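> Let me begin by handing over the structure; questions about it come next.
Read-outs: derived from the displayed coordinates by stated rules, not from any lab. The structure presented is a predicted model; accordingly, all values stated were derived computationally and were not measured. Cβ atoms come from the backbone with ideal geometry, glycine included; neighbour counts cover every protein chain shown.
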Amino acid sequence: MEERPLILLVEDQEDNQQLLAFILESLGFSYVIAANGAIALELAQQQPLDLILLDIAIPEIDGLEVVRQLKADSKTSTIPVVAVTAMAMVGDRDRILAAGFDAYVSKPYILDDIEEITTRYLGIPDAIKY
């Protein structure tokens with residue numbers, strides 16, 4: 001069986017973790033979860049990741065600082081990082097992308113948004129369904 005792409009899901013709210021995990025599973029992806037920025041940075045160093053879905057408002061180290069550190073490190077700088085956030089005010093999207101995120105998905109999540117973003121960054125024509 002072909003190895004599934006590995007996605008790091010960085011989200012501190014358990015209900016959002018469960019929803020995103022369900023979506024990723026239904027699309028055929030493997031994932032690991034980090035509930036805060038410090039754990040996210042640690043996991044990014046420990047295993048080869050294909051994509052990171054990163055909330056902005058997370059404990060310990062916020063998502064904006066996490067993406068800055070990821071993009072500054074040669075080991076993690078090429079991993080696509082997608083902001084998954086409730087921030088939807090005018091200017092938020094531009095500020096988030098300027099911080100180093102590759103893309104932006106706003107909450108609440110819908111399957112089509114997550115499928116489109118994972119497919120775009122993982123280079124899979126149609127998300128693998130197992």
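> Can you give me the long-range amide H partners of VAL84? Hydrogens built in the peptide plane at 1.01 Å from N, cutoff under 5 Å, separation of 5 or more residues or another chain.
Those lying under 5 Å, H to H, from VAL84 are LEU54, ASP55, ILE56, VAL105.
> For segment 1-78, calculate the relative contact order in percent as a whole number, restricting contacts to Cα pairs under 8 Å that are 6 or more residues apart.
Normalised by residue count, the contact order of segment 1-78 is 35 percent.
> Another question, then. Between ASP94 and ALA57, what FRET efficiency follows from the Cβ-Cβ distance if R0 is 25 Å, with the result rounded to 0.05?
Calculated transfer efficiency: 0.90.
> Each residue of segment 92-108 in order: what ³J(HN,Hα) in whole Hz does its phi give by Karplus 6.51 cos²θ - 1.76 cosθ + 1.60, θ = phi - 60°, with x for Gly and Pro?
Computed from phi, the couplings for segment 92-108 are 4, 4, 4, 5, 5, 5, 5, 6, x, 5, 7, 7, 9, 10, 8, 7, x Hz.
> Using θ = phi - 60° and the Karplus relation 6.51 cos²θ - 1.76 cosθ + 1.60, list the HN-Hα couplings for segment 6-14 in order, rounded to whole Hz, with x at every Gly or Pro.
Along segment 6-14, the couplings run 9, 10, 8, 9, 10, 7, 8, 8, 4 Hz.
> Sticking with this structure for a sec: Given the alpha-carbon gyration tensor of segment 1-58, what are the semi-axes of its equivalent ellipsoid in whole angstrom, ordered largest first, with each equal to the square root of 5 times an eigenvalue?
18, 15, 7
> Same structure again: With contacts defined as alpha carbon pairs under 8 Å and 6 or more residues apart, what's the relative contact order of segment 76-116 in percent?
Over segment 76-116, the number comes to 44 percent.
> Continuing with the same structure: With the contact rule set at Cα under 8 Å and sequence spacing of 6 or more, what percent relative contact order holds for the chain?
Normalised by residue count, the contact order of the chain is 24 percent.
> With r defined as the distance between the Cβ atoms of GLN69 and GLN13 and R0 fixed at 25 Å, what FRET efficiency is calculated, to the nearest 0.05?
Working: r = 22 Å, r/R0 = 0.88.
Computed FRET efficiency for GLN69 and GLN13: 0.70.
> Taking square-rooted eigenvalues a ≥ b ≥ c of the alpha carbon gyration tensor, is the chain rounded, prolate or oblate, where a/c under 1.5 means rounded and, failing that, a/b exceeding b/c means prolate?
Rounded, because the longest to shortest axis ratio a/c is under 1.5.
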